[in-house]
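The values are calculated or read from the model by the stated rules, or taken from the named source; none is laboratory data. On a predicted model such as this, the values are computed, not experimentally measured, just so you know. Neighbour counts are summed over all protein chains in view; Cβ atoms, including those assigned to glycine, are modelled from backbone coordinates with ideal geometry. For accessibility, only protein heavy atoms count, side chains too; no ligands or nucleic acids. Shrake-Rupley method; radii C 1.70, N 1.55, O 1.52, S 1.80 Å.
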Amino acid sequence: MHRLKITFRVIAFTVFGLFLHYVLPQHDVVKITSTEIIRTDFSGFNRIFYAQADSGAVEQPTRDLRLINTDKKKTFLLGFMPRDKTEVMVYRNEDTGWIWPPYFKFDSSDLQAESASVARGDSWAVITHYGWRVRWASIYPNAIAVKLVDSPDVRVIPWFNIFFFGFLIVGIAFLRAMWMQFRERSIDPLIDSAEDRFDEASADIAEQKGRVTRWLGTWKKKS
Amino acid sequence: MGFVRLVVFGFVGLSILYLCISVYSRSVRREKLEKAWDEENVGSDDLAARNAYVEKGIAAYNNSFRPKLIGLVYVIPTVIVMVIVYTTNTN
């Protein structure tokens with residue numbers, strides 16, 4: 001039972017961590033090499049890893065997808081430890097629209113123009129993105145913003161994530177406090193009164209039993 | 001359409017949060033009042049007076065500014081969304 005509990009917790013924690021890793025913004029130091037547009041036919045599997053059609057446009061089974069091709073600086077530890085090596089990375093560039101994930105991005109075309117302009121030069125840029133590159137399922141991370149930087153050794157401070165995790169911890173503590181209060185004030189008294197009633201009822205039964213036994217006892221031979 | 005969905009679901013979700021927080025806040029206040037009474041009247045068994053004291057305190061709380069602050073539950077997410085919309089879409 002204990003082992004089952006631990007397994008369940010580890011799985012839940014891993015899923016939650018992966019979810020956050022997919023959805024939260026990350027920063028990559030890249031050299032944009034080109035931009036392109038390909039037509040995409042989504043499968044049932046990889047459809048959920050794409051956003052919807054540009055906000056304001058209608059959804060069709062097939063549509064064009066903006067891509068940004070880059071050379072990316074490799075890193076260790078989710079981007080915290082930069083390395084000298086580079087690798088190829090391709091980002092998609094889609095509107096997230098109003099709903100999910102809540103980046104409220106409507107400026108894909110502008111971002112594509114910006115990337116194209118950066119691609120003409122030879123300068124480094126920081127791409128903010130969310131999502132994963134999964135080659136065997138043709139899944140790309142979604143670029144959110146492009147910012148020019150002077151050198152590839154920039155230190156990007158993930159302000160959003162810092163605030164997000166701070167807020168998450170505060171929120172969980174608050175929910176916990178709310179739940180404890182609810183239990184202490186609303187559930188425990190109910191249980192207590194139910195227990196009291198149960199005790200009273202069983203005391204009654206015991207008393208009645210006592211009476212019956214006493215009555216039966218009067219029939220016994222007195223010796 | 002997406003915008004309408006965001007507004008509707010956001011409103012419903014935030015209303016649930018609002019209700020939970022107001023119930024929680026009132027419950028904490030009630031507990032505090034009860035404890036204050038018990039501390040001042042150790043050994044007293046006057047339940048009517050205790051209830052009157054607590055109800056008066058709750059009424060004062062309801063009329064104060066504090067419960068209105070819970071309305072920020074609607075304001076802050078709206079402001080955050082507006083800030084994100086602005087920062088994401090300017091270049």
**Item:** Residue satisfying condition, being loosely packed, with under 11 Cβ neighbours inside 10 Å and at the interface with chain A (Cβ under 10 Å from one of its Cβ atoms), within set B:V28, B:V12, B:V23, B:V4
**Value:** B:V4
**Request:** Kindly indicate whether A:W124 is within 14 Å of another protein chain (Cβ to nearest Cβ) and buried (at least 17 other Cβ atoms within 10 Å of the Cβ).
**Result:** no
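Taking region A:20-76, which residues are β-branched (V, I, T) and over 30 Å from A:F165 (Cα atoms)? Let's see the steps before the verdict.
Filtering region A:20-76 for residues β-branched (V, I, T) gives A:23, A:29-30, A:32-33, A:35, A:37-38, A:40, A:48, A:58, A:62, A:68, A:70, A:75.
The answer is A:I32, A:T33, A:T35, A:I37, A:I38, A:T40, A:V58, A:T62.
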**Request:** Filter region A:54-94 down to the residues that are part of a loop (DSSP other than H, G, I, E, B) and more than 17 Å from A:D110 (Cβ to Cβ), then identify the one that is most open to solvent (accessible area, probe 1.4 Å).
**Result:** A:F80
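So which of A:F160, A:F164 ends up being within 14 Å of chain B (Cβ to nearest Cβ), surrounded by 10 or more Cβ atoms within 10 Å (Cβ to Cβ) and under 24 Å from B:C20 (Cβ atoms)? First the steps, then the outcome.
Details: A:F160 fails: under 24 Å from B:C20 (Cβ atoms).
From the options A:F160, A:F164, the qualifying one is A:F164.
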